[in-house]
Amino acid sequence: MSYRFDFGAVLDRAPELLWASLGTLGLALAGMLLALVIGILGVVARTSKSEIARTPVIVFVEVVRNTPFLVQIFFIYFALPLMGIRLNPTVTAIMALGINGGAYAIEIIRGGVESVSRGQIEAGFALGLHKADVFRLIVLKPALRAIYPSLTSQFIMLTLTTSVCTSIAAYELTSAAQRIESDTFRSFEVYFMVTAIYLVISTMMMGLFALISRHYFNYPTR
Amino acid sequence: MLNSAKDHPPLISLEDVQKWYGAFHALKSISLSVRKGEKIVLCGPSGSGKSTLIRCINALETIEEGTIVVEGQVLDGSTKSIDAIRREVGMVFQSFNLFPHMTVLQNCTLAPMRVRGASRTDAERLARKYLERVRILDQAEKYPAQLSGGQQQRVAIARALCMEPKVMLFDEPTSALDPEMVKEVLDTMIGLARDGMTMICVTHEMGFARQVADRVIFMASGEIIEEAEPEVFFKSPKHERTKTFLGEILAHH
Ligand SMILES: Nc1ncnc2c1ncn2[C@@H]1O[C@H](COP(=O)(O)OP(=O)(O)OP(=O)(O)O)[C@@H](O)[C@H]1O
Ligand SMILES: [Mg+2]
């Protein structure tokens with residue numbers, strides 16, 4: 001092995017890596033937020049009595065979960081413009097991440113909602129609350145708590161999936177890495193750094209999730 | 001009590017109510033009327049339809065035939081009639097069903113604020129009043145999981161009372177409790193009865209029935225088999241099924 005490590009060239013580009021990391025973080029957070037909204041609204045429709053509300057959600061979930069993310073993002077970026085919908089790479093990336101994560105979130109959150117006992121819902125109705133209030137105020141929080149570990153590991157997946165957004169040249173870490181690599185030819189050093197940065201980002205996310213959980217799920221369960 | 005209330009229209013009336021679960025006939029031609037202030041104890045073997053009956057009164061179950069009227073409001077399945085009736089009817093469940101993510105106080109203020117539009121201040125004042133009444137005000141800031149079963153059930157009673165209902169329905173409120181906690185809940189219910197609350201209680205606590213019931217109703221296989229004042233009901237039941245049932249219950253207690 002005659003390869004000589006030299007991090008100098010890569011460290012010169014540190015600011016670029018840092019900014020790109022923030023890009024990754026931004027895409028991940030926005031994608032998660034969208035996924036959460038899609039997940040919750042999707043579950044409302046998915047668990048409704050009306051077949052007209054349920055069927056599209058079932059189809060959506062199956063389509064998204066059985067096609068590659070790369071194809072989904074290409075579809076939004078290259079195919080939608082032909083139908084007059086033109087989105088910039090950042091918006092495309094957030095949409096793709098949110099839609100993809102949302103489909104998984106629907107299935108995860110649905111499990112949580114189903115874990116809430118029928119008695120909770122009936123107690124809400126007996127008190128005169130309407131369906132929307134029963135879901136929002138009584139069911140949602142215990143449901144999210146029940147599936148929080150699965151939901152957050154899905155969100156870590158989503159965070160790492162931001163690297164696929166390099167394929168449409170979104171502003172994020174993996175694109176920056178490719179750029180720096182082709183300028184410096186320092187493949188090992190670049191990807192070593194980037195691997196470390198992804199680890200840091202994931203760890204920070206897990207810390208954030210733990211913090212949210214401590215504040216939002218601050219009630220004891222026997 | 002019975003006589004003075006006689007000329008008032010009934011607070012609850014069920015006429016010829018029929019309920020099916022698919023092909024299973026769960027309530028067979030149930031007719032029942034409950035006057036203001038009356039306390040009814042409903043008993044019968046498992047699966048006889050006691051829960052189904054009281055759950056029909058606040059529209060947790062739908063009925064196929066017959067009419068249910070509460071405080072002059074006909075339950076016709078419309079949202080308006082269901083809302084109106086649930087406003088007048090409080091319910092206490094066997095499994096308490098307190099909301100685990102809300103404190104005792106929040107459990108009690110939720111419905112007054114969301115359903116009746118009460119301000120937080122008013123809702124909390126009301127909640128404290130009823131928590132005081134079930135003797136659990138000191139636990140107001142705790143979460144349900146931090147309370148014993150008996151305490152949870154008393155909170156559930158307070159929570160229902162916060163909507164200031166005209167009628168309280170109880171579905172086996174003490175059967176999920178450890179024996180040593182049964183009394184505190186029954187005492188709370190006896191207190192409510194003394195204060196003149198109209199009550200329908202599904203329970204096998206025959207001591208409670210003797211002490212507070214104006215009428216004891218015995219159900220079996222979806223039908224009302226027999227009803228009488230407690231004295232008569234326990235001393236000289238008419239039907240064979242009632243006798244058998246009482247024999248079993250009293251042997252247990
Ligand atoms: N959702 C349902 N679907 C089908 N059958 C049901 C349903 N709920 C109750 N039943 C049936 O209706 C009958 C009456 O049930 P219900 O719960 O009213 O009985 P109960 O008198 O309250 O009994 P227990 O003392 O066990 O609580 C039972 O045979 C039960 O199996
Ligand atoms: Mg029952």
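Coordinate-derived values only; no laboratory data. Everything numeric in this text was worked out from a predicted model, so none of it was measured. With ideal geometry, Cβ positions are generated from the backbone for all residues, glycine too; neighbour counts draw on all protein chains shown.
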Based on the Kirkwood radius over alpha-carbon pairs, what value in µm²/s does the Stokes-Einstein equation return for the translational diffusion coefficient of the protein assembly as shown at 37 °C and 0.692 mPa s? 125
If you put +1 on each Lys and Arg Cβ and -1 on each Asp and Glu Cβ, how big is the dipole of the range B:103-160 around its Cα centre, in Debye rounded to 20? 160
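What does the charge count around B:Leu126 come to, taking other residues whose C-beta lies under 12 Å from its C-beta (Lys +1, Arg +1, Asp -1, Glu -1)? Intermediate values should be presented prior to the final figure.
Numbers: positive: B:Arg116, B:Arg120, B:Arg125, B:Arg128, B:Lys129, B:Arg133, B:Arg159; negative: B:Asp122, B:Glu124, B:Glu132, B:Glu164.
Here the count lands on +3.
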Mean residue ellipticity (222 nm) of chain B, computed from DSSP H runs ≥ 4 via -39,500 (n - 2.57), nearest 500: -12000 deg cm²/dmol
Rounded to the nearest Å, what's the spacing between the alpha carbon centres of the range A:71-127 and the range B:215-253? Just the number, please. 56
Inter-part distance where the range A:11-44 and the range B:130-187 are each reduced to a Cα centre, Å: 46
Label-to-label distance, nm, for residues given as B:Glu240 and A:Ile85 (7 Å Cα→Cβ offset): 7.2
Under a straight-distance cross-link criterion of Cα-Cα below 27 Å, which lysines are reachable from B:Lys129, leaving out those fewer than 8 residues away in the same chain? B:Lys36, B:Lys39, B:Lys142, B:Lys166, B:Lys183
With only Lys, Arg, Asp and Glu charged, each at its Cβ (+1 for the first two, -1 for the last two), find how big the charge dipole of chain B is about the Cα centre; round to the nearest 20 debye. 540
Do you know the relative contact order of the range A:136-222, to the nearest whole percent, from alpha carbon pairs under 8 angstrom that are 6+ apart? 30
Given 0.36 nm per residue, what is the gain on full extension from B:Trp20 to B:Val232 after removing their alpha carbon distance, in nm? 73.1 nm
May I ask for the Kirkwood hydrodynamic radius of the range A:1-108, worked out over all distinct Cα pairs and given in angstroms to one decimal? 16.1
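Which value does Rg/Rh take for chain B over its C-alpha atoms, Rh per Kirkwood?
0.96
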Of the candidates A:Ala132, A:Thr55, A:Val113, the farthest towards the positive dipole end of the range A:22-170 (Lys/Arg Cβ +1, Asp/Glu Cβ -1, centred on the Cα centre) is A:Ala132
Antiparallel bridges, percent of DSSP beta bridges restricted to the protein assembly as shown (to nearest 5): 55
Selected from A:Leu70, A:Leu36, A:Leu151 as most flexible by GNM, with chain A as the system and alpha-carbon contacts under 10 Å: A:Leu70
In square nanometres, what is the average projected area of the Cα convex hull of chain A? 16.3
Let me know the longest stretch in chain A that avoids all chymotrypsin sites (Phe, Trp or Tyr not before Pro) found in a DSSP loop with at most 16 other C-beta atoms within 10 Å. A:8-184
With the convex hull built on the Cα atoms of the range B:57-143, state its orientation-averaged projected area in nm². 6.9
Size of electric dipole in the range A:22-170: Cβ of Lys, Arg +1 and of Asp, Glu -1, about Cα centre, debye, nearest 20: 160
Are there trypsin sites (Lys or Arg not before Pro) in the range A:2-85 that DSSP puts in a loop and that have at most 15 other Cβ atoms within 10 Å, and which ones? A:Arg4, A:Lys49
A correct Karplus calculation of ³J(HN,Hα) over the range A:95-109, with 6.51 cos²θ - 1.76 cosθ + 1.60, θ = phi - 60°, whole Hz and x for Gly and Pro, returns 4, 5, 5, x, 5, 5, x, x, 4, 5, 4, 4, 5, 5, 5
When Lys and Arg each count +1 and Asp and Glu each count -1, what net charge do the other residues less than 14 Å away from A:Thr47, Cβ to Cβ, add up to? +4
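Report the longest stretch of chain B that contains none of the GluC sites (Glu not before Pro) sitting in a DSSP loop with at most 12 other Cβ atoms within 10 Å.
Counting at most 12 other Cβ atoms within 10 Å as exposed, the longest clean stretch of chain B is B:142-253.
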List the residues whose amide H sits under 5 Å from the amide H of B:Met91, counting only those 5 or more places along or on another chain, with H placed 1.01 Å from N in the peptide plane. B:Leu169
Mind telling me which of B:Ala59, B:Ala209, B:Ala118 comes out most flexible in a GNM of chain B, alpha-carbon contacts under 10 Å? B:Ala118
